Amino acid sequence: MTASATSSTPEFSLPATGGTTVALPALRGSKVVLYFYPKDSTPGCTNETADFRDHHAAFRAAGCEVFGISRDSLKSHENFKAKLALPFELISDTDEVACNAFGVIKMKNMYGKAVRGIERSTFVLDAEGAIRREWRGVKVPGHVQEVLDFVTTL
């Protein structure tokens, strides 16, 4: 599902890799991509994150910051960031503050069992901090290019 209408953005301030804290209000003035993914070092999440890494220079050229968010610990995120040589930070949302604010926690079926987890989702915020587009239930192939194409229209 995508939405192109502008909607208000939930606010959060959470710990991230590199000893940083990411607070949405502090990012005003830049476009922002927040991509929520289920788990560090799993195949789909690794592919999606590597795609954001490989397109990072183009996002920066478009005046856009990129952040990955999952419920993994900072230690897990630091290892994942190092393994993939990421040029952007990963946000740790162990208490599901951002996950709940953006409504990405869903019941999913894993190996025949119902489990609560993150639905792969991406949000683009404009320089004023408003959500300009969202993707839910993301399929990884081609997704990052689609996000980049949208960002360059803002």
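Can you name every residue in the range 122-154 that is more than 19 Å from residue 13 (Cα to Cα) and among the hydroxyl-bearing types (Ser, Thr, Tyr)? The answer is 152, 153. Is one or more of the residues making up the range 127-150 under 17 Å from residue 58 (Cα atoms), among the β-branched types (Val, Ile, Thr) and under 16 Å from the mean Cα position of the chain (by Cα)? Checked the range 127-150: at least one residue is under 17 Å from residue 58 (Cα atoms), among the β-branched types (Val, Ile, Thr) and under 16 Å from the mean Cα position of the chain (by Cα). Of the candidates 94, 42, the single residue that is free of Cβ contacts under 8 Å to residues at least 24 places away in the same chain and under 18 Å from residue 18 (Cα atoms) is 94.
Bear in mind that the values in this text are calculations on the coordinates, not laboratory data. This one's a predicted model, so the numbers in the text were calculated from it and none came from an experiment. So basically every Cβ, Gly included, is an ideal-geometry build from the backbone, and we count neighbours across all protein chains shown.
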